[in-house]
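Report on the structure given below.
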Number of protein chains: 2
Amino acid sequence: MRIINNPKKSTWESLSTRATINKQGLGETVQTIINDVKLNKDKAIKKYSQLLDNVSLSSFSVTKNEIEDAKNLVSEELKQAIRLANSNIEKFHSSQKEKETKIETTEGVTCWRKSVPIEKVGLYIPGGTAPLFSTILMLGIPAKLAGCEEIILCTPPNKNGKINPVILYTASLVGVTKIFKVGGAQAIAAMAYGTETIPNVYKILGPGNQFVTKAKELVQQDGIAIDMPAGPSEVLVIADETSKPAFVAADLLSQAEHGVDSQSILVTTSNTVAQNVVTELNKQLEDIPRKDIAIKAIENSFCLVLEDIESCFEFSNVYAPEHLIIASNLADSCIDKIKNVGSVFLGNYSCESAGDYASGTNHTLPTNGFSKSYSGVSLDSFVKKITFQKVTKEGIKSIGNAIELMAEAEGLQAHKNAVTLRLKEINNV
Amino acid sequence: MRIINNPKKSTWESLSTRATINKQGLGETVQTIINDVKLNKDKAIKKYSQLLDNVSLSSFSVTKNEIEDAKNLVSEELKQAIRLANSNIEKFHSSQKEKETKIETTEGVTCWRKSVPIEKVGLYIPGGTAPLFSTILMLGIPAKLAGCEEIILCTPPNKNGKINPVILYTASLVGVTKIFKVGGAQAIAAMAYGTETIPNVYKILGPGNQFVTKAKELVQQDGIAIDMPAGPSEVLVIADETSKPAFVAADLLSQAEHGVDSQSILVTTSNTVAQNVVTELNKQLEDIPRKDIAIKAIENSFCLVLEDIESCFEFSNVYAPEHLIIASNLADSCIDKIKNVGSVFLGNYSCESAGDYASGTNHTLPTNGFSKSYSGVSLDSFVKKITFQKVTKEGIKSIGNAIELMAEAEGLQAHKNAVTLRLKEINNV
């Protein structure tokens, strides 16, 4: 891992620039798939499942029997671990429920807002070598808590048409209503527009490869909401002399093993800390199974040694990381320095894996600098906050004249009339 | 206004379909402008201001003197009206501040979230015949309350290079930090990527014509957040025998005067109510200055007579209107029937104009059926909710094993290691 000593501030922006993958032609390919699914529905889904995933299925609905069977195939200790995580995530996301607060802005004018669930949501869970059941917890639990009526899940099956049992167990645990063995852009298109088998939904959430990500971007332009724009995962660790180099190295590596395009950034005020972490990192790297991936990710990563702790946070705010670990005994006193980040881990025992799985916070977070303007997934992601107002006769008497003046100044006479008529009626009684 | 009696449920979906405008070529045109602004910055802004808005300016920054002058050009009574609206909007949006709630999900594992302002936001206010200063209140007040450091505003000047004084007065009142005389897609591009004069921002909010809307869509794909997808404005009124036909007609017309593509929908259980409203509407229509626009909007609108009040709300939920007026003395008892809507107006004295200007709720709301998954603008639109977690030694001992098991099951050994190292250290002490 390269160490950069006190780089000029003018270079921070470019140090913070994430690598972009060449997406030439991706949009066209994905749009073709989307158009085909829109038109030919299930038939198109079958075609692309065969063509792209090499799977041929007569039905892609997961049956109740398959779910029941899956429950028996997951070890009791893993189920217990999942239930513990489930409980913590549920507790934290329950605390995000907003109480209705009625505000009388003027006598007779009362305003409030009410959280109402998005009726139908779709979750996407990628396939591949590992079953990402933790993401089902992160999306399914708040969806259920919010009160979404239909929570569907699409995930690609393996070549034998099977889905990993732990995926099915977790989906069932959190209350997913329907599961479909469909992956890729065709799954996103199916959830956006509906097919004979797969219902359309109003919002689609979950990670995926570049085809899935592009498909989400494209259906968003058609008014289907999505969780957030996506990019490779990343962590930034701020470490001082009170940090533990072995822990910091382990945290950097746990980010690096995600993918070759992941970034693990270390920012510290101490050259010794930097050296010690790099030594530890090289040592630990030897023993992890996903070494080849981690090495490449670490090549794209770096360690900054900066003058003072203020500069460390300043750089972090420019970089706007998905995860920020403050590996220091003084972590708690630094909270107000933080501006742009998805989720923060305070102190030497708050490792990123804790938040990835079981602390209770959500692990679906803004990457790629998007934490400057986006929040991670929360209970809010599954509700609309509808505003209400009740204006009484008294109320319209108080604010009516102001409305008339403003409407007239905006050239909207009919807006004014709606008030004038009411004021006349009240004054005539 | 055509009255449709008891249409079959199977037709509701198509009745709810909004008209689409032909956007052929729009994307290419707007992308060209964006690319040009990205590359040539201020020079490109000048070029398009000249070309599209017929304005030639040596500087498009609004000066302090221009703002001071503007304050004297707005009538005292209009300023008072704006200040009243300002006060109500501020009260309601202040109530949306979220308190930090720390949750101990497991002993030694504490999670919470903190609202942190988006540092830099850009507001767009369209030009045209009328100065839409009310939208400045709706966007500027929550931006300021949230604590955004930079709040810039772009709006096109008239042919003499001037901005309407009431726009400048309102922008100054709510605390906009910089105002620029730039409109159209070029303004959106400038705020997204920055020019020599105009700073880039992380989120862009505000209404606009199809060029502005398309530009917002395109920069969103580049990671710049936007408020929400846009479409023509609309109201749905549910009226029963306790409604007042003249009021309902006035509300339908105040929507219709917005634009030829606006929709004003009446849904009622009573044929008599329907007839009376239509009679009133035709009468009132004669007297409004924007009659030509309203007539066209009413042609695209309709009145449904349905069997019972349940059906009225069911249709409203399928239509998912921006504004819903419940013109009935029984409005309060219907709140739980509402699923999809931007903002709700309860009872005969809660006219839409009240919410448009001065009740306190926000008038930037999801149109085009997007209220199925989107909320209107609120304080939330100007903050990120960052999650925090603090895991103590005790905490990692409690949840560590679950994390190890889950990480291993997902094939992420380095994630597991980060916990294992910590557990070992704790147990060795």
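Quick note: the coordinates plus some simple rules give every number you see, no bench work behind them. Only a predicted model underlies this, so the values are computations on that prediction, with no experimental measurement involved. We place every Cβ from the backbone using ideal geometry, glycine too, and count neighbours over all the protein chains shown.
Couple of notes before you dig in:
- Mean-square fluctuations from a GNM of chain B, with a 10 angstrom spring cutoff on Cα atoms, peak among B:SER61, B:SER343, B:SER264 at B:SER61.
- Structural descriptor for chain B: relative contact order 20 percent, calculated from alpha carbon pairs under 8 angstrom and at least 6 residues apart.
- In Hz, Karplus ³J(HN,Hα) per residue of segment B:9-22 (6.51, -1.76, 1.60; θ = phi - 60°; x = Gly, Pro): 4, 5, 8, 4, 4, 6, 5, 8, 6, 7, 4, 9, 8, 6
- Amide proton proximity set for A:ILE4, modelled H, under 5 Å, gap of 5+: A:CYS303, A:LEU304, A:VAL305
- Shielding of peptide A:113-119 by partners, expressed as the average count of other chain Cβ atoms within 10 Å per residue Cβ, is 5.
- Entries in A:LYS397/A:LYS424; A:LYS214/B:LYS38; A:LYS416/B:LYS162; A:LYS71/B:LYS397; A:LYS384/B:LYS372 that, when Cα-Cα distance is taken, lie over 18 Å: A:LYS214/B:LYS38; A:LYS416/B:LYS162; A:LYS71/B:LYS397
- Under 5 Å, built H, 5+ apart or other chain: amide partners of A:THR195: A:ASN200
- Euclidean distance of C-alpha centroids, segment B:101-162 and segment A:340-394, integer Å: 18 Å
- Length-normalised contact order for segment B:118-270 - Cα pairs under 8 Å, 6+ apart - percent: 21 percent
- For B:ILE265, the residues whose modelled amide H falls within less than 5 Å of its own, excluding neighbours fewer than 5 places apart on the same chain, are B:VAL235, B:LEU236, B:VAL237.
- Choice from A:LEU78, A:LEU173, A:LEU346 with maximal GNM fluctuation in chain A (Cα, 10 Å cutoff): A:LEU78
- Spin-label model, A:LYS99 to B:ASN22: label points 7 Å out along the Cα-to-beta-carbon direction sit 5.6 nm apart.
- For the residues of B:79-91, the average number of beta carbons from a partner chain within 10 Å of their own beta carbon is 4.
- Listed residues A:GLY122, A:GLY161, A:GLY369, most fluctuating in chain A (Gaussian network, C-alpha, under 10 Å): A:GLY161
- Mean separation of Cα pairs under 8 Å and 6 or more residues apart, divided by the residue count, gives segment A:343-429 a relative contact order of 16 percent.
- Cα shape, the protein assembly as shown, gyration tensor, a/c 1.5 rule: prolate
- Segment A:231-375, dipole about Cα centre (Lys/Arg Cβ +1, Asp/Glu Cβ -1), debye to the nearest 20: 220 debye
- Rounded to whole Hz, the Karplus (6.51, -1.76, 1.60) HN-Hα couplings of segment B:245-255, x for glycine and proline: x, 5, 5, 4, 4, 5, 5, 4, 6, 5, 6
- Whether segment B:231-375 is rounded, prolate or oblate, judged on the alpha carbon gyration tensor where a/c under 1.5 counts as rounded: rounded
- Anisotropy class of chain A from Cα gyration tensor, a/c 1.5 cut: oblate
- Rounded to whole numbers, the Karplus 3J(HN,Hα) couplings from phi for segment B:58-70 are 7, 9, 9, 7, 7, 8, 4, 4, 4, 5, 4, 4, 4 Hz, using 6.51 cos²θ - 1.76 cosθ + 1.60 with θ = phi - 60°, and x at Gly and Pro.
- Net charge dipole size for chain B [Lys, Arg +1 and Asp, Glu -1 on Cβ; Debye, nearest 20]: 1360 debye
- Inter-centroid distance (Cα atoms) of segment A:303-318 relative to segment B:163-224, Å: 31 Å
- Given charges at beta-carbon only (K, R positive; D, E negative), |dipole| of the protein assembly as shown in Debye: 680 debye
- When each of A:LYS91/A:LYS114; B:LYS203/B:LYS244; A:LYS339/B:LYS102 is checked by Cα-Cα distance, pairs over 31 Å: B:LYS203/B:LYS244
- Distance from the C-alpha centroid of segment A:228-291 to that of segment B:34-69: 46 Å, rounded to the whole angstrom.
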